[in-house]
Amino acid sequence: METITASARQSVATATHPDRPAPAITGSGVLPPMGPMIIDVTPKERTAISNVANILTKAFGHYEHPDYISSLHLNAFQLLPERIAGILSRFGTDFSRSQYGALVFKGLTDVDQDALGPTPPSWKETDYSRLIKYGFICSLLHGAIPSKPVQYYAQRKGGGLLHAVIPDEKMSFTQTGSGSRTDLFVHTEDAFLFNQADFLSFLFLRNEEQVPSTLYSIRSHGDTNEIMEELFKPIYKCPKDANYADDENTEEVTTSILYGNRKRPFIRFDAAEQIFNEKAGQSPEAMHNLVRFWEEAKKFINNSFVPDSGDLIFVNNHLCAHGRNSFIAGYRNENGQMVKCERRLMLRMMSKTSLINIRSVTQTDDPYFIMEEHYGKLFNNDASQQ
Ligand SMILES: [Fe+2]
């Protein structure tokens, strides 16, 4: 990852601003990006971010306060350290061949483990009053893209702009700890929606199990090849989240996997749901194309980065997919011995760059609340129709 990091750093400094010419690419000398750009947050920046979050907490009380959210971009550009805001602003407009689609902010914030308390048994028991400061920090990063934090009825019936993602205590031993490469599936978030998140952030408050992050970028393939061409056809199905009952009508909706620019495509893809779920119901042609693509794509899965407490991964959900991890929650490997530890605790935030473009699927009185259930179909909820 070192080499990639170095070249990625360079690309952020020179190539990614739309007003600047791209750097001279010398034939085959430039390789496709294979991993996220790593940004080491300096102690000075970390302190500044912490101070800003404290000031905002005092001023607004909560990161969902309407006055704060409606002035988010202003706050982001005024209050974030300039370098961090600049990196994010360029990331929001960079869809180039060298853009992997994920940034890692190492040491973005200090996490007071005592103040946090033990990891709750599941997300349902989360005490969000302990997480307010982190909600301000995450939202500022999205604000610098600029992108607006949103919530989805399809995910926890909304559940606020910040979600605690916690491995369920009861599930600890049902998952395999082997972590073999073939076990890794990747997905772009909510691949069963047309209005899926544009950007995602994952802030790690705890990762004592030392679980690597799992990322995969469509840019790792390089230029669009003959296998990828097939994925522009609108013939692919994506079942809803496994938690929801089947719906005959919308299961018939098909769409493309790749979209946007033909040469530098975006991706909407869920390996587990679209290829390995028996209920996916793909046509033989669609399945054939998906399997061929997956054979190539899985080689590009990157799991070389192990997040520490206070690290944040920022993802363009149209370029980069993330993984379903398999690990033994609440245990870490110490010299071959499995030793008990606090379970992983991660905070996820999702955002959209335009509230106007999603207005047909948002609640009447809350344009930040997305009611899409499955490929354009809305949840039958009165709040969205008032
Ligand atoms: Fe996900």
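The values are calculated or read from the model by the stated rules, or taken from the named source; none is laboratory data. Computed from a predicted model, the values in this text were never measured in an experiment. All Cβ positions, even for glycine, are placed from backbone atoms using ideal geometry, and neighbour counts span all protein chains on display. When the accessible area is computed, the model is the full protein with side chains, heavy atoms only, and any ligands, DNA or RNA have been set aside. Shrake-Rupley method; radii C 1.70, N 1.55, O 1.52, S 1.80 Å.
Quick notes
- Near-label residues of the range 135-158 by backbone N, under 19 Å of a point 7 Å along Cα→Cβ of Leu74: 136-137, 139-149
- Per-peptide average of other Cβ atoms within 10 Å, ordering 89-101, 352-364 highest first: 89-101, 352-364
- Full extension of the chain between Asn54 and Ala115 yields a length gain of 20.5 nm, computed as 0.36 nm times the residue separation minus the alpha carbon distance.
- Seen from every direction in turn and averaged, the convex hull around the alpha carbons of the range 284-386 projects onto 11.2 nm².
- Its residue count N sets the reference 2.2 N^0.38 Å, and the alpha-carbon radius of gyration of the range 70-165 equals 1.22 times that reference.
- Within the shell of other residues whose beta carbon sits under 13 angstrom from the beta carbon of Pro43, the net charge comes to 0, with Lys and Arg scored +1 and Asp and Glu -1.
- For the range 259-344, the mean projected area of the C-alpha convex hull, equal to one quarter of the hull surface, is 8.5 nm².
- Ranking of Arg262, Arg268 by solvent-accessible surface, largest first: Arg262, Arg268 (1.4 Å probe, protein heavy atoms only, all chains present).
- Proximal charge balance of Glu342 [Cβ under 11 Å; K/R count +1, D/E count -1]: +3
- The alpha carbon radius of gyration of the range 75-117, expressed as a multiple of 2.2 N^0.38 Å, is 1.55.
- For a modelled paramagnetic label at Arg156, 7 Å from Cα along Cα-to-Cβ, the residues of the range 36-80 in reach, with backbone nitrogen under 17 Å, are 62-65.
- Computed packing ranks the peptides 134-145, 293-304 as 134-145, 293-304, most packed first, by mean other Cβ atoms within 10 Å.
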